[in-house]
1. Across the range 96-125, which residue is modelled with the highest pLDDT among those that are of a type in the set (Gly, Ala, Ser) and surrounded by fewer than 19 Cβ atoms within 10 Å (Cβ to Cβ)?
2. Mind telling me which of the residues 250, 324, 301 ends up being basic (Lys, Arg) and within 18 Å of the chain's Cα centre (by Cα)?
3. Any idea which residue in the range 1-43 is nearest to residue 87 (Cα to Cα), counting only those that are among the small types (Gly, Ala, Ser) and under 34 Å from the mean Cα position of the chain (by Cα)?
4. Could you grab me the full set of residues in the range 41-95 that are farther than 25 Å from residue 122 by Cβ, open to solvent by 20 Å² or more (accessible area, probe 1.4 Å) and among the β-branched types (Val, Ile, Thr)?
5. Take the range 37-52 and flag every residue that is under 19 Å from residue 92 (Cα atoms) and out of contact with any strand residue (DSSP E or B) (no Cβ under 6 Å at 6 or more places or on another chain).
6. Using the structure shown, decide if residue 247 is free of Cβ contacts under 8 Å to residues at least 24 places away in the same chain and either at negative phi or not in a loop (DSSP other than H, G, I, E, B) (or both).
7. If you check 309, 320, 281, which single one turns out to be buried (at least 16 other Cβ atoms within 10 Å of the Cβ) and either touching a helix residue (DSSP H, G or I) at 6+ places or on another chain (Cβ under 7 Å) or not in a loop (DSSP other than H, G, I, E, B) (or both)?
8. Looking only at residues in the range 284-298 that are part of a loop (DSSP other than H, G, I, E, B) and not hydrophobic (A, V, I, L, M, F, W, C), which one is least open to solvent (accessible area, probe 1.4 Å)?
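The values are calculated or read from the model by the stated rules, or taken from the named source; none is laboratory data. Keep in mind that this is a model prediction, so the values were computed, not measured. Here the Cβ is made from the backbone with ideal geometry for all residues, glycine too, and neighbour counts use every protein chain on show. Keep in mind that these areas ignore ligands, DNA and RNA; they rest on the heavy atoms of the full protein, side chains included. Shrake-Rupley method; radii C 1.70, N 1.55, O 1.52, S 1.80 Å.
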Amino acid sequence: MEEKAEPKQIKLSFSDNELIRHLFGEHNSNLKRIADSIDVDIHARGNNIFISGDPVTAGLAQNILQQLYGLLEQKYPIYPRDIEYAIKLLSSDDRLKLKDFFLDSVYITSKKHTITPKNRAQKEYIDAIRNYDIVFGIGPAGTGKTYLAMAMAVAALTKGQISRIILTRPAVEAGEALGFLPGDLAEKVDPYLRPLYDALHDMMKFEKVAALMEKGIIEVAPIAFMRGRTLNDSLVILDEAQNTTSEQMKRFLTRLGFNSKAVITGDITQIDLPSEKTSGLVESKNILQNIKGIKFVFFSKTDVVRHKLVQDIIDAYEKLDQQKIKK
């Protein structure tokens, strides 16, 4: 029988009373969150924190608290969700530096919220968009693929690095054809593009978005509108790319012009194309990964940054799919 390691006790001391207040949280809520998450005892007394528990988890708690304090010293405000991300990051690799993630500001929204990467996949993704002209982000919903690409595009436009943002997606949803929907073409297409509008309005004021769209600086359109165009000096985002056909994907990728980048996002487990159609995203994954200058970033269910129940829901559906396969 394996013997348990002797409990370890660690004392940490911090000097700045104002930063300590933010580190501890209201009624020591941040300390309680860390203690409950990794199964250690954490007690505060004055400027000191006392940690006791298994040597590994006690060391992890020490690492988390010291790095969070370092963020506060850099004027980064700590929120409850940041505590969760810090625990998740450092639990996966205690050599990571939280500053590399939390201080990597992608964009500050009109609501003064700072958009930063929340996990290793997101960090790899935004670095890829910075360094590659074509980036594929593949993985489940809720991993920030579209939102981060949008933030990178808005940031690039604001800095004058590009002159246009083009947002596009296939008008395919659960097999429903556009022709059977009510209204003119704009009204038919709008429901498919709504998630792109929502992300855009989260980052910029409505009036500014409307003005930029009126000038053609921001364009939101179904992928069918890309036919015959050359996209120069732009950042182009193709969302829900799992629902592109092989022909659509090829046409899109060959539209890229000078000083342009393309970000293609999708979830290959959520394909709504007819069974006889090949997904352009799946095909691209199979044939383009060895091309220099194209970067594929893969997200998993552990990278979900929506409500914590989303990951549990993904798990449940994965188990259901496995049961169906066995039958």
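1. Here the residue is 105.
2. Of the residues listed, the single one that is basic (Lys, Arg) and within 18 Å of the chain's Cα centre (by Cα) is 301.
3. The qualifying residue nearest to residue 87 (Cα to Cα) is 37.
4. Answer for the range 41-95, where residues must be farther than 25 Å from residue 122 by Cβ, open to solvent by 20 Å² or more (accessible area, probe 1.4 Å) and among the β-branched types (Val, Ile, Thr): 42, 56, 57.
5. 37, 38, 39
6. Judged against the criteria, residue 247 is not a match.
7. 281
8. 293
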